[in-house]
Structure formats: C-alpha cells, structure tokens
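What follows is calculated from the coordinates using simple rules that are stated; it is not laboratory data. Note that this is a predicted model, so its numbers are computed, not measured. Glycine gets a Cβ as well: all are built from the backbone with ideal geometry, and neighbour counts include every protein chain shown.
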Amino acid sequence: MMFSVITTSPEQTEHLGELLGARLGRGDVVCLYGDLGAGKTSLAYGIAMGLEVKEQYITSPTFTLVNEYEGRVPFYHIDLYRLKTPSELEGIGFEEYIESDGVTVIEWADRAEDELPEERFSIYLSYVSENSREMGFLAEGERYEKLLKGLKEDLGKNKVLT
Ligand code: ADP
Ligand code: MG
C-alpha cells in the first residue's frame, strides 16, 4: 500500500527528508523516482540533514554519479540521470554502495532497476503545481515497513504536512 503526502514548498520537502533521514540507519537504501524538478534532490538534501551531514552544499553528483558524505553514518548520494548504460553501474561500484553500512539514496533509481536490492524504501515524486509535489512512499521488507510506520507517526505529531 502506498502512503502519499503533498508538500507545498521546497522547505517542506526538505523537512520531510530530514524526518526520514533521522530514522535511517546503516545499510538502508532509498530509491527516488520522478521527473526533473520533481524534488528528488531537495528531498535528498533533507535526508542528509537528518543524517547530520555537516557539509553545506549537498548538490546532485554530476560527472561522478556519486557523492560521499560523512554524517551520523556514511551517506552516499547517487544520481543516475547521466548513466549511459547499466554496465556503467559496475564502474561506480553501485553494488558496493548498496551493500555498504552507510545510507544510500539513489535518484533515478529506475535506471538501475535490475540492480536494486529486493528490500528497499521507494519514494515516487511528482509535480502537482508550481510549489506542490506529491510523494508516494513504498516500503518493501520488514525493516522499511517499520521505518514507514515511524515516519507516519512523525508526520502525525508534527502536523507539518497535509
Ligand atoms: P529533481 O532532483 O527531482 O530534479 P530538485 O529538487 O533538484 O528536483 O528541484 C526541484 C525544484 O522544484 C526546485 O527548483 C525547487 O525549488 C522547486 N520546488 C517547488 N516546490 C517544491 C516542493 N514542494 N518540493 C520540492 N521542490 C519544489
Ligand atoms: Mg536531482
């Protein structure tokens, strides 16, 4: 079952990411789906904040496809927008990242469809209007189901989102 929320500003999306990031731990894999401008990088920025990454400039990795950050646990931000062929995944050590003890967030995860772990947390982002984005959450695996339950509780408590 998909759980959805709508954010009405980039800041809200970041805040949502921060709530999620605060709940993430070693080995977690978060897959982000959605077109350009859907808010994937904004959400990833928030996740970094929730993981206590101290660096100021969390941008999407471009030529390298992966940026590594030090946070409460290592944070690996992968963006597959510029992936040319699936064989390139091996070159960037994709499998090592998702099997690592850090947190891996993957923008354009659909481009690595066959390489994704069976158990994962997926977020489907879509444009609603200029400042609104819909985010649908899908948890696969017991660990991620618990994570989603916790996130829902946070949202209920904070009432920051509709
Ligand atoms: P993506 O990584 O999916 O291409 P970005 O996060 O880089 O998306 O860009 C999202 C753009 O949409 C930014 O320019 C941001 O300011 C704008 N925006 C407007 N409303 C929202 C919202 N509710 N959530 C996230 N981004 C939003
Ligand atoms: Mg992006």
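For segment 11-109, run through the trypsin sites (Lys or Arg not before Pro) and keep only the ones in DSSP coil with at most 15 other Cβ atoms within 10 Å of their Cβ. Walk me through the numbers before you get to the answer.
Working: sites: 23, 26, 40, 54, 72, 82, 84; in loops: 26, 54, 72, 82, 84.
Loop-located and lightly packed - 26, 54, 72, 82, 84.
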Q. Highest GNM mean-square fluctuation, the chain, Cα pairs closer than 10 Å: which of 46, 141, 21?
A. 141
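Quickly estimate the mean residue ellipticity at 222 nm for the chain, helices only: each DSSP H run with n ≥ 4 gives -39500 (n - 2.57), and the total goes over all residues, rounded to 500.
Values: 5 runs with 52 residues, N = 162.
When only DSSP H runs of four or more count, the value is -9500 deg cm²/dmol.
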Q | Estimated inter-spin distance, residue 84 and residue 146, nm [label 7 Å along Cα→Cβ] | A | 4.3 nm
Q) Can you give the angle from 0 to 90° between the axis of helix 142-158 and the longest principal axis of the chain, with both taken from C-alpha atoms, to the nearest 10? A) 40 degrees
Q. Which listed residue (94, 131, 67) has the Cα farthest towards the positive end of the charge dipole for segment 60-162, taking +1 on Lys and Arg C-beta and -1 on Asp and Glu C-beta about the Cα centre?
A. 131
**Q.** 24 Å Cα-Cα threshold exceeded, pairs from 54/84; 40/152; 40/149
**A.** 54/84
Q. Relative contact order of segment 86-142: what whole-number percent is it, with Cα pairs under 8 angstrom and at least 6 residues apart?
A. 25 percent
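For the chain, what is the relative contact order in percent, using Cα pairs closer than 8 Å and at least 6 residues apart in sequence? Write out the running numbers ahead of the final one.
Working: 317 pairs, mean separation 51.8, N = 162.
This gives 32 percent for the chain.
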Q. Which residue fluctuates the most in the chain, going by a Gaussian network model with Cα springs under 10 Å, if the choices are 122, 87, 42?
A. 87
Q) What residues qualify as long-range amide H neighbours of residue 3, i.e. H under 5 Å apart, gap of 5 or more or another chain, H built at 1.01 Å from N? A) 137
Q.
Taking amide H atoms as placed 1.01 Å from N in the peptide plane, list the residues 5 or more away in sequence, or in a different chain, whose amide H sits under 5 Å from that of residue 93.
A. none
Q: On a 0 to 90° scale, report how tilted helix 40-50 is relative to the longest principal axis of the chain, with both axes built from alpha carbons and the result rounded to the nearest 10.
A: 80 degrees
Q: Please determine, in degrees from 0 to 90 and to the nearest 10, the orientation of helix 10-23 with respect to the longest principal axis defined by the Cα atoms of the chain, where the helix direction is its Cα long axis.
A: 70 degrees
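I want to verify the translational diffusion coefficient of the chain in µm²/s; compute it with Stokes-Einstein, Rh as the Kirkwood radius over Cα pairs, at 37 °C and 0.692 mPa s.
Details: Rh = 15.6 Å.
After rounding, the answer is 211 µm²/s.
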**Q.** Top of 13, 104, 64 by mean-square fluctuation, Gaussian network on the chain, Cα under 10 Å
**A.** 64
